[in-house]
Structures are given as structure tokens and as C-alpha cells.
Amino acid sequence: MVQRKIKTVYDVVCPFCGTLCDDLEVDIDLTTNLVVEVRNACQIGTAKFYSSNPGEHRFEKPLIRENGKHKEVSWEEAIDKAAEILIKSKRPLLYGFSSTECEAQGKGVELAEILGCILDNTASVCHGPSLLAEQDVGIPTSTLGEYKNRADLVIFWGSNPVHAHPRHLGRYSEFIRGYFRKDGRNDRFVVVIDPRNTHTAQIADLHIQVNPNEDYELFNAIRALLREVELDEKEVSGVPISKIKELVDVIKSCSFGVIFFGMGLTQTLAHHRNIDAAICLTRELNDHTKFLITPMRGHYNVAGANTVFTWNTGYAYSIDFSRGYPRYNPGEFSSVDLLMRDEIDASLIVASDPASNFPAESVKSLFKHPLIAVEPHETPTSAFADVVLPPAIAGIECEGTAYRMDHVPLRLRKVKDAPGECLTDLEILERLIEKVKEKKGEK
């Protein structure tokens, strides 16, 4: 019997959601290079660490599709094929980037500029409207540490952290003991505003069950009541006026409040106007008490993708380089809209699986044309890819930087080696850039 040698890595940052929990402990079997135990993570974060272990689901070598089937090839052949696809394309799309490190995201911007293509990240189908609203009216926000230590009123509007950000409640927003909130849950009042009776709503002190797609009206009803305007309606957005007044009283009486909002606002009717109204409400509440607002970002580094794209181009997502300089127009240059109009003739998908969550018609358009997937696992997107480039998983098999949902940068740690011949996303994009330049005669 072979005795296992276990290495424990402490203070590991979890590369799952925007909460970026940084207190994980991971046990690695050094004889087999397997994750054998993960402590302090939620179930989904734990599953991500275990998914890094080699198996049938994990790609370990580059693949090229021939005669309808994938075959293993060398990195040189795979990179050459991918570069050839991108060079021959007239309007390629680079999409994803929200589940990889910032260093690779920067290389994605460089590659997009060289190719003169469309560059987009997953914000275009999640919190893109939040970014539009922030550009319109700014955003009064802070760090999760401030909320943990000071907030006595927490509002979750259109978000369900029990399932989407499982440790958010225990680390930052509800059960955690803060410097000025030493009694944890007993020192906080929690409100959930959601059309559904979610698991988060079931543990809240107050659940406001708003009608679907009518959040904008509720925001403005609250703003009117704050100004002591009498509403001549019995209800707004399916919520009785008496309950809205109760909510306003709760809000005005707190010492420090925060609104955490999710895709229940960004991806329903009114879109970025919902967020405009939410931010304006937050700003107006500061006439009565201290109030801030923060989006509940999903992918662990989508905030990083927006930040890196912005400091390189001036724009956070939906960027077009076709004229030799970056142009920005969500809707016109967003991935789903481009695919629905069949304007894309090749795609490079990095750290994302659009085939699982894009509308069916846009996925059909995606699959009609050459597709390159930088993906560690078999997914619906990689299953139809012409080239699969297997990366090491950032935050598990390589280091890097990621931005938490409150835009605090954290350093991802490497806890184990990647299986097979996997390269990091950064190395893959660097090789692609080098090969594309060579083929374009720019070297």
C-alpha cells in the first residue's frame, strides 16, 4: 500500500463567484496530484476544486475537429489552426474572459486589437445594464468589509445569494459579526425584494413580493414617499402602499444600509433604467441616513474583465476594433445581438460556455461558423468547437489576479499542477498573438 503524502494550502481564494472567499484550505495528494479535501468553501466552490482532477470530462491535450470528431494534436498544430481561423475571418468575436485571471484578459484585449474584431465579456448578458447605469449617474458604493462591519439594514433586490453566492450571507452581509455589529444577525434587518419566495426571502425579516418586470415603478414609488408625496394608488407593482410605507420607515430608521442587487433587476424590463432608479434612490436616501449600493456579480472575475477592458480601451464590454480603434455600443456590438443578426463568421470563446446560456438562435449562428474554445472541460460549446485549447484552471492550477464584486483585487493561488499538457490562459493567448502576428507578417 502506497502511503499518501498530503500538502495543505491555506488562504486559498475560491475561483467560483464574485464573493471570492479567501479563507479556503485545500488538501492535495502529492503522489497523484489530486484534490482530496476542501475546507471552508461552499458546495459549488468545493465542486470546482474537485472538477480540476483529471478524468473523462477534462481535456489534457489540444484537439482539432476532423470528419466530425475531435482528435488530439500538438500545441503547435492547434495554435496554427486557431490563428488561421482568426486571420481568415472578416468579423471574428472574442467572448468570455470572466472566469480567468486579469493577466489573460489583458492579452485578450491585445489579440482583439490586432485582429480588429469584436471583444465582449459575459457582462453583456448579466450586469452590463449596471455598467450603463453607473456611466449615467455614478454609483455610491463601498467594499464588502464596510458592509460587514457597519450595515444594520441589508436589502437584496432581485438576487438570491443563498444559491448564487452561498457564503456571502455568512461572510459579509447577514450572519457575520462586524466591528460595529457584534451580534451578527441580531444586529441586522434583512429585506428581500423579489417576485418569488426564494430561500433568501424565507430567512429575511421582510419580503416585498413585487410583480415581475415592475421594479422600476416600485423604485419611484419609494422615492416619492421619501419626498412625502401622497400616492393615490392602493398598490404599486403588486405591493400595497401600506407595505411600501413600512419599507420606507425601515430604510429611514437604519444607521447604515446597503442594497445588493442582481440580475432580477438587470435582465428584466427597464434593464439599466432599473439600476438608474436604484442608484438615484440610494443617493437620495443619504439625505436621511447612510446608504450604499453594490451589484452582486456572478463570475468570479467578471468585475476584473470589465476593469481590464476599461483601462485598456476606455470601455467595459461590447467593444468593436474593426476601424482600428475601440468603439462601444451595447446592443450593436453585444455578442448575442451580433449572433442573432448572423454578423459573426468565427469565434474564440475563453473561459465561458455561451451554448449553455445564449438564446437558441444565437447558438445556431455560433455553431454555423468556425469556433475555437479555450476550455478545460467538455461543455456544449467545446463539443462543437473546431479547435479546443485546454487551459490550466486559474486559481487552482495557476496564479493570477481577480477582482471581487466590490472591485477589490485579490491574488489567486496555485494549489496543484494542471494535468496533461494544459497551458495557462495567459500562455495560450500569448502563443495565439505570436502566431497571428507571424501570419499577418507583423513580426
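Let's see how each residue does on (1) under 21 Å from Asp425 (Cα atoms); (2) in a helix (DSSP H, G or I); (3) of a type outside the set (A, V, I, L, M):
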residue	(1), (2), (3)
Asp22	no, no, yes
Val26	no, no, no
Tyr50	yes, yes, yes
His70	yes, no, yes
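Looking at segment 179-286, the strands (runs of 3 or more DSSP E) lying wholly inside it that each contain 1 or more residues that are in contact (Cβ under 8 Å) with a residue 60 or more places away in the chain and in contact with a Pro (Cβ under 8 Å, 6 or more places away or on another chain) sit at 256-261.
Check whether at least one residue in segment 57-64 is touching a residue at least 60 places away in the same chain (Cβ under 8 Å), touching a Ser or Thr at 6+ places or on another chain (Cβ under 9 Å) and within 30 Å of Leu169 (Cα to Cα), and report yes or no. No: zero hits.
Within segment 263-291, restricting attention to residues that are of a type in the set (A, V, I, L, M, F, W, C) and over 23 Å from the mean Cα position of the chain (by Cα), the residue that is surrounded by the fewest Cβ atoms within 10 Å (Cβ to Cβ) is Cys280.
The conditions of being part of a strand (DSSP E or B) and either at positive phi or surrounded by fewer than 23 Cβ atoms within 10 Å (Cβ to Cβ) (or both) are not met by Ile44. The condition of being surrounded by fewer than 17 Cβ atoms within 10 Å (Cβ to Cβ) and among the hydrophobic types (A, V, I, L, M, F, W, C) holds for only one of Phe180, Phe189, that being Phe180. Residues in segment 404-416 that are touching a strand residue (DSSP E or B) at 6+ places or on another chain (Cβ under 9 Å) and either part of a loop (DSSP other than H, G, I, E, B) or within 29 Å of Val363 (Cα to Cα) (or both): Arg404, Met405, Asp406, Arg413, Lys414, Val415, Lys416. Figure legend. Inter-residue proximity from segment 366-379: first residues under 14 Å from Pro62 (Cβ atoms), second residues hydroxyl-bearing (Ser, Thr, Tyr), beta-carbon distance below 6 Å, spacing 6+ or different chains. Indicated pairs: Ala373/Thr381; Ala373/Ser382; Glu375/Ser382.
Every number in this text was worked out from the coordinates using simple rules, so none of it is lab data. These numbers were taken from a predicted model, which means no experiment stands behind them. So basically every Cβ, Gly included, is an ideal-geometry build from the backbone, and we count neighbours across all protein chains shown.
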